Amino acid sequence: MSNSIQLSEEEETVSHNVYFAGKVQSLGLETERGSATVGVMKKGNYTFSTSSPEKMVIITGILGVKLEESSFKKYKAGEEFDVPSGVSFDVSCDDDVAYLCYYG
């Protein structure tokens, strides 16, 4: 018995996203929860903007996050935070960080 699932050609493709001169990279995939990316950020400071709600889960490292008018808050491996649609937010990495981001 096979557990194979028929996927469309688009669902079989893994997208590769590169930002900030290669210092932030992610791979896009479809999960049980919908579209997601698994990515890495090298040490540095970055500003991102959202076009849909996002749930960020830290896999390894510590990520400082500044959402809207708040101050920076640090998230470590296993912790998560939500980012609303249509906003910009700042992140700071003292060391390399790996993350999982769910969209929608």
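Values in this text are rule-based calculations from the coordinates and carry no lab data. From a predicted model like this one, the values you see are computed outputs, not experimental measurements. We place every Cβ from the backbone using ideal geometry, glycine too, and count neighbours over all the protein chains shown.
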Given unit charges at Cβ for Lys, Arg (+) and Asp, Glu (-), the dipole magnitude of the chain about its Cα centre in debye, nearest 20, is 460
Computed, not fitted: 222 nm per-residue ellipticity of the chain from DSSP H runs ≥ 4 (each -39500 (n - 2.57)), nearest 500, equal to -500 deg cm²/dmol
Starting from the 7 Å offset along Cα-to-Cβ, what nm value, one decimal, do you get for the label separation of residue 29 and residue 55? 1.7
Using the Cα atoms of region 25-68 to build a convex hull, what is its mean projected area in square nanometres? 3.8
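Find the Cα radius of gyration of region 29-104, compare it with 2.2 N^0.38 Å by division, and give the number to two decimals.
Details: Rg = 11.7 Å, N = 76, 2.2 N^0.38 = 11.4 Å.
Here the Cα radius of gyration is 1.02 times the empirical estimate.
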